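All remarks here apply to the structure that follows.
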Amino acid sequence: MNKSPAYSTLGAVAAWWGLLGTVVLLFFVVGRLYPFAAEMFAGELTALHWALVVANVAFMAWSEGYRGFQKSFSPRVAERAAALRCEVTPVRLLLAPFYVMGFFSAPRPVMLLIYGITVGVAVLVQIVRMLEQPWRGIVDAGVVVGLGWGAAATLIVGVRVLLADEDG
């Protein structure tokens with residue numbers, strides 16, 4: 001292994017904790033939402049319902065999974081995880097998943113975006129909770145696909161970056 005002298009074992013632990021903690025958090029949300037998405041299939045779905053499921057899943061896969069996560073969030077998380085190897089502090093180590101997501105010690109526009117998305121998602125979650133089936137399931141099915149794609153993309157991109165970074 002041809003590691004830079006600036007890398008430390010603590011930095012490597014922080015980098016992997018940041019990446020894997022972020023991925024676990026995303027998959028946790030997918031696991032929490034999946035039952036609501038699956039529940040919609042217990043009732044009768046009309047042609048309109050099916051059309052909306054297909055449209056929402058396709059839209060969320062493209063907008064949230066591909067554009068939001070794979071093309072933006074996932075590479076940024078991987079980059080910040082790799083940087084954490086040389087920039088580890090006790091706070092960054094402890095809060096590594098939040099560091100790599102950009103909640104602190106990030107450029108102001110990134111932090112504003114992350115906090116804005118977090119607040120927006122929290123508001124949307126409260127609104128969607130009030131929906132009855134199959135409408136909640138239709139929305140949650142798209143979110144499950146988008147977040148599942150995002151979690152997988154974050155894991156793949158992050159592992160590739162961290163392993164490539166270790167080798168040279």
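Every read-out reported here was derived from the displayed coordinates using simple, explicitly stated rules and does not represent laboratory data. Note that the coordinates shown come from a computational prediction; the quantities given were computed from them, not determined experimentally. We place every Cβ from the backbone using ideal geometry, glycine too, and count neighbours over all the protein chains shown.
Which FRET efficiency, nearest 0.05, do Leu94 and Met130 yield, Cβ-Cβ r, R0 30 Å? So the FRET efficiency works out to roughly 0.25.
The distance between label points at Ile156 and Ala58 comes to 2.1 nm (points 7 Å beyond Cα on the Cα→Cβ vector). Each Lys or Arg adds one and each Asp or Glu takes one away; over the other residues whose Cβ falls under 15 Å from the Cβ of Ala61, this sums to 0. Can you grab the distance from the C-alpha centre of the stretch 33-77 to the C-alpha centre of the stretch 118-141, Å, no decimals? The stretch 33-77 and the stretch 118-141 have Cα centres spaced 12 Å from each other. About the centre of its Cα atoms, the chain shows a dipole size close to 400 debye [charges on the beta carbon of Lys, Arg (+1) and Asp, Glu (-1) only; nearest 20 debye]. Within the set (1) 21.0, 71; (2) 18.2, 62; (3) 20.0, 88, the number that Rg and Dmax of the Cα atoms in Å takes when calculated for this structure is listed as (2). Phi-derived couplings, Karplus 6.51 cos²θ - 1.76 cosθ + 1.60 at θ = phi - 60°, listed residue by residue for the stretch 113-123: 4, 4, 5, x, 5, 4, 5, x, 5, 4, 5 Hz, with x used for Gly and Pro. Couplings for the stretch 72-89, taken from phi via the Karplus curve 6.51 cos²θ - 1.76 cosθ + 1.60 with θ = phi - 60°, read 10, 5, 4, x, 5, 4, 4, 5, 5, 5, 5, 5, 4, 4, 9, 10, 6, 10 Hz in order; Gly and Pro are left as x.
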